[in-house]
1. In whole percent, what relative contact order does the chain give with Cα contacts below 8 Å and a gap of six or more residues?
2. Taking all protein chains as present, what is the carbon and sulfur share of the accessible area of the chain, in % to the nearest whole number, probe 1.4 Å?
3. What is the packing order of peptides 171-180, 292-301, taking the mean over residues of other C-beta atoms within 10 Å and listing the highest first?
4. With the contact rule set at Cα under 8 Å and sequence spacing of 6 or more, what percent relative contact order holds for the stretch 17-317?
5. Given Cβ point charges of +1 (Lys, Arg) and -1 (Asp, Glu) and nothing else, what value in debye, to the nearest 20, does the dipole of the chain about its Cα centre take?
6. With +1 on the Cβ of every Lys and Arg and -1 on the Cβ of every Asp and Glu, and nothing else charged, how large is the dipole of the stretch 363-447 about its Cα centre, in debye rounded to the nearest 20?
7. Can you tell me which of 60-72, 515-527, 466-478, 141-153 comes out highest on packing, and rank the rest after it, using the mean Cβ neighbours within 10 Å?
8. Ignoring ligands, DNA and RNA, what accessible area per residue does the chain give at 1.4 Å, in Å²?
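The values are calculated or read from the model by the stated rules, or taken from the named source; none is laboratory data. In this text the structure is predicted, and so the values were computed from the model without any measurement. Cβ coordinates were reconstructed from backbone atoms using ideal geometry, including for glycine residues, and neighbour counts include every protein chain displayed. Ligands, DNA and RNA are stripped out before the accessible areas are found, and what is left, the full protein with its side chains, is counted by its heavy atoms. Shrake-Rupley method; radii C 1.70, N 1.55, O 1.52, S 1.80 Å.
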Amino acid sequence: MNDGLVRWLWRDYLRRHLPLLFVAFILMALEGGMLGLLSWIIKPMFDQVFVAGDRGAIIWVALGVFGIFMVRALAGFGNRVLMSAVGQKVSAALQSDLLRHMLRLDSAFFQENAPGVLIERVRGDTMAVSTVWHTVLGALGRDVVALLSLFAVALSIDWVWTLIAVAAAPVLMGPMVILQRWVRNNARHGREVAANLATRLDESFHGIDTIKLNAIEDYETKRFDTALARYVRALIRTEASHAGIPAIMDVVAAVGFLGVLSYGGLQIIEGDKTVGEFMSFFTAMALVFEPLRRIGNVAGTWQAAMASLERLYAVFLEQPSITDPKTPLPPPAEPGKADVVLNAVTFAYDDAPVLRETSFVAEAGKTTALVGASGAGKSTVFRILTRLADPQEGTASVGGIGICDMSLSGLRDMFAVVTQDAQMFDESIRQNVVLTQDAERLAEALDAAHVSDFLPQLAEGADTRAGPRGSSLSGGQRQRVAIARAVLRDAPILLLDEATSALDAQSEALVQDALDRLAQGRTTIVIAHRLATIRRADKIVVMDRGRVVEEGTHEALIKKDGYYAQLYALQFDE
Ligand code: ADP
């Protein structure tokens, strides 16, 4: 699994930066190699300058040390800038691809995964991957070369000393592996808790009015605190497991020094080795443990990044089930003159059936009203027709062409949908109406939807921002903006969810007038709550718990004195 993930990251994101990475690696190798040179130059410093007293050697040794640090400074600066540039680009590409992929997934995916979780996935997990990978690559490029050069110096002085110094390392490999697994588990848990935290925040801010009205500020804060405490615990545990790795390295170092000093100290006292050799060796070994510790750390950091990478990859593995057919049929040539047909559609969320063999025909150019108690499945009919959800059984078609036989864009182009919870984006009203459509007939659409009526009251007219989720507009205004969007869309088939009671009488009249104008000459299916709409509808389809129980005109259904007559008496007979 790991190999596959790394290969994926490399192939799709890192490979294209190969030239930059190459330069960065050379600079890193230079930076790392300077450590070896530094430990090497210690020997002449002691043996020739300090012990032998060679005054002439002072200057070249000093210049040597100076040069080593200058090269290290420049190479270090260069590789860090390059690596973080590549890191940011990789992170941006990952985020962009992830969003593009997610937006293609079924609506059901978004019902299963809270927005906070997904935001954390796009932001947090991609960050975790990209900040870590350049530490990892950096450590590998820089520290491996440093390690090699330092060991070369150490070995050139005495291979027995070198062996003694690292003797304890293999013994500690076992605990290291266990620790790494622990780091990964903790990191994975930490990412889950972070997502949970984001969900809490997201829900708090979205539900701010509910929170205030129910005076549950303290309750919400407490819930956040609980999640926060879990997050802190997870972070501390991750950090603790991280910290264990350098601790193990220190134990290796301690044992190594103990051995070398006991064995090598005697050799120097007896004159078998020079002080310069010992100091050089000592420097090399002292310097070895830092990169070694970092490489040890890399394993832990890498494990943590893997936890994020796994989660990202899992999203990429999700595939939409609602997709274009292999060879899409063209949509009907004149969709405005095509009947919309639902044929024995059965649909369930999980096991709860919502539509049961629902069938009806909405005739071209006419208005069909869907009527039924709340929860009867009326909105679900809209979701099926526009393929936000696919039915388990049955079919739907427009002009005889199955909705699943057309391309998704071809199908959705035929529909304009205006629902009660009109979705707004935090952009100007103009942008909210136009979206990606042609703005040529904007003024006309604003007039037809009675948006022009309230624009003068707003500070910046059509350029006024709608606020997050349209919060700076009233319910009626939001709806009219949504209607303007539908007018501009000029789609042949209209799906309307009539407002129930959210609007005052005046806005309702305006919204209604706008809807009536919009419906003219189009095939309209309306979830009807108003008597006037029902009376005027060419056909009423009465739904009860997912079934179509009656069909006909208002008069015919009243005369029949069945379920509709009952509903009508309850809801509409004022
Ligand atoms: P209506 O528009 O007639 O009020 P809906 O089509 O909105 O009814 O809903 C029909 C039924 O489907 C309801 O009982 C509702 O609880 C259920 N339902 C709607 N959305 C979901 C969902 N995402 N998951 C599970 N059940 C759902």
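1. It rounds to 15 percent for the chain.
2. Taking all protein chains in place, the chain shows 60 percent carbon and sulfur surface.
3. Top to bottom by mean Cβ count within 10 Å: 292-301, 171-180.
4. 33 percent
5. The calculation lands at about 1320 debye.
6. That gives the stretch 363-447 a dipole magnitude of about 260 debye.
7. So the peptides 60-72, 515-527, 466-478, 141-153, ranked by packing, come out 141-153, 515-527, 466-478, 60-72.
8. With all protein chains present, the chain gives 50 Å² per residue.
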